[in-house]
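Report on the structure given below.
The values are calculated or read from the model by the stated rules, or taken from the named source; none is laboratory data. All figures in this text were calculated on a predicted structure; none of them were measured in a lab. Note that we place each Cβ from the backbone using ideal geometry, even for glycine, and neighbour counts take in every protein chain shown. Each accessible area value is taken on the protein alone, full model and side chains, heavy atoms only, with ligands, DNA and RNA left out. Shrake-Rupley method; radii C 1.70, N 1.55, O 1.52, S 1.80 Å.
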Amino acid sequence: MTPREMEMVEVFTSEGKGRGLKAAKEFWAGDVIFAEPAYAAVVFDSLTHLVCHTCFKRQEKLHRCGQCKFAHYCDRTCQKDAWLNHKHECSAIKAHGKAPNENIRLAARIMWRIEREGGGLTEGCLVSIDDLQNHVENFGEEEKKELRADVESFLNFWPPQSQQFGMQYISHIFGVINCNGFTLSDQRGLQAVGVGVFPNLCLVNHDCWPNCTVIFNNGKIELRALGKISPGEELTVSYVDFLNVSEERRQQLQKQYYFRCTCEHCQKGIKDDLMLAVKEGENKPSQDVVKEVLQFSKDTLEKISKARSEGVYHEVVKLCRECLKKQEPVLGDTNIYLLRILSIASEVLSYLQMFEEAAGYAKRMVDGYMKIYHPNNAQLGMAVMRAGVTHWHASLIEAGHGMICKAYAILLVTHGPTHPITKDLEVMRVQSEMELRMFQQNEFMYYKMREAALKNQKIQVMPEPTNEASSGLFHTKQ
């Protein structure tokens, strides 16, 4: 955080929440309130050979560290930039014989930085690592057991020549990681690739209907305003996806972050009626029928999760179709169980290049999301973008272009014009606008030219569906 950015925010005591951040000046939608590099960050264990350990970009060919054979980098520049943070890690991995898991690696990187700079306030930070919440006292038996195992693994990895820390302090660092580790995405914002600790971000409290969003862009997190924020107003972000009824969000927040949400949306159950909507009118279903369909939906989502993890996508489609058949006469258009099935169906059908059917489901999903999400929600923007691309693939150029434009307007606020995904979307927007003009002038010629163009190029395959549920803003050890 630059000195100028530090003047734009103010640390204060937020009633019932502890410390928080408030605006010291007026902000508007899309403004970057502050940007912050990670205090320490690591790549996930499963992606260490696929993602650069400095900039977190996915690359086809990465340079491997010649010493430890573990760290990978885009090029010499990234490798040189990493050396300060990798130097001790490199020799420790060689001495240990192998790299430990991501939690241990992140704790070690934090400790080596503390060894260099001390645990107090560092330049550009509003709060020190020592002063961050660890919530160790709130841990259940299973979490305490995991903490003891982590501390033991850490001590086995930590070099004897490095500064030695007490058990309580090591536990504090693991507690900080557990509740403040922020998930890092790749350069296009499409896949979670690592975890880092950002002390200033940790001061921003939760609200289910926040006035800010957080995005990882070019090696830093950016806190961006979602609308007008007045001086003195608390800055908030959502730690969890809004697409859950208030009581479920509260339970998730209690489990992951150890507090019960008291935001207006939770206290008043705002939008819960939409998320639990059932069909109205003459054919309104009985409570027993609704209960039966909701249970069927939950059971189907479990089966879908298993089929997706095994890569059996045709089975996923079959399960989705069966579930929709049961849901459609009973559940309302904004019911979250219907929307979850529509989302999975559109994503998997797009991957299987069954674009027309996928587009129908994507349109219904987007219509439901628009009634539930904040108009400048990043997940809404990404969902609308995927739906627009699906419509384009299905030759539904007018609807596709409209969705791409809508997604672009949202992502300009949530991601900003320099983010790679926004740049990609701008290219799509220009292309679809050009195609739309052509379509409106001569529909027959448009389809002929499109057919010829697609024959001459490799069909753009949609990314393989992931089985990751959006658990929240911060990374929680699985």
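A few points about this structure:
- Equivalent ellipsoid dimensions for the range 137-209 as semi-axes, Å, which come from the Cα gyration tensor, largest first: 26, 17, 13
- Each of Y258, V430, N376 was placed along the dipole of the chain (beta-carbon charges, centred on the mean Cα), and the one lying farthest toward the positive end is V430.
- Based on alpha-carbon atoms, the Kirkwood radius and the radius of gyration of the range 9-237 give Rg/Rh equal to 0.98.
- Here the chain is assigned +1 on the Cβ of each Lys and Arg and -1 on the Cβ of each Asp and Glu. Its dipole about the Cα centre then comes out at about 1120 debye.
- Burial order of peptide ranges 255-261, 368-374 (average beta-carbon count within 10 Å, highest first): 368-374, 255-261
- Applying 0.36 nm per residue to the separation of K220 and R58 and subtracting their alpha-carbon distance, the gain on full extension is 56.7 nm.
- Computed E for S305/M438 - FRET, C-beta separation, R0 35 angstrom, nearest 0.05: 0.25
- This model, with +1 at the C-beta of Lys and Arg and -1 at the C-beta of Asp and Glu, gives the range 178-303 a dipole about its Cα centre of some 300 debye.
- Fraction of accessible area attributable to carbon and sulfur, the chain (%, probe 1.4 Å): 50 percent
- Counting heavy atoms of the protein chains alone, K17 has an accessible area of about 80 Å² for a 1.4 Å probe.
- Entries of K271/K371; K228/K363; K255/K371; K145/K303; K284/K318 with Cα pairs more than 19 Å apart: K228/K363; K255/K371; K145/K303; K284/K318
- Dipole of the chain, positive direction: furthest Cα of A71, N101, S246, with charges on the beta-carbon: A71
- Rounded to the nearest 20 debye, the dipole magnitude of the range 9-237 is 1020 debye, with +1 charges on Lys and Arg beta carbons, -1 on Asp and Glu beta carbons, and the Cα centre as origin.
- Pairwise centroid distance, computed over Cα atoms, of the range 138-214 with the range 242-268, Å: 21 Å
- The range 99-182: C-alpha gyration tensor shape, a/c 1.5 cut-off, then a/b vs b/c: oblate
- Distance histogram for the chain (every C-alpha pair counted, 20 angstrom bins, percent rounded to whole numbers): 21, 53, 25, 2
- Hydrodynamic estimate: the Kirkwood radius of the range 179-289 over Cα pairs, inserted into Stokes-Einstein at 20 °C and 1.002 mPa s, corresponds to D of 131 µm²/s.
- Å² per residue, accessible surface of the chain at 1.4 Å: 49 Å²
- Overall form of the range 357-444 per C-alpha gyration tensor (a/c, 1.5; a/b vs b/c): oblate
- Among the GluC sites (Glu not before Pro) found in the range 171-272, those both in a DSSP coil and sparsely packed, with 14 or fewer other Cβ atoms within 10 Å of their Cβ, are E233.
- Relative to the 2.2 N^0.38 Å rule of thumb, the range 292-341 has a C-alpha radius of gyration ratio of 1.08.
- C-alpha center-to-center spacing [the range 300-323, the range 389-433] in angstrom: 29 Å
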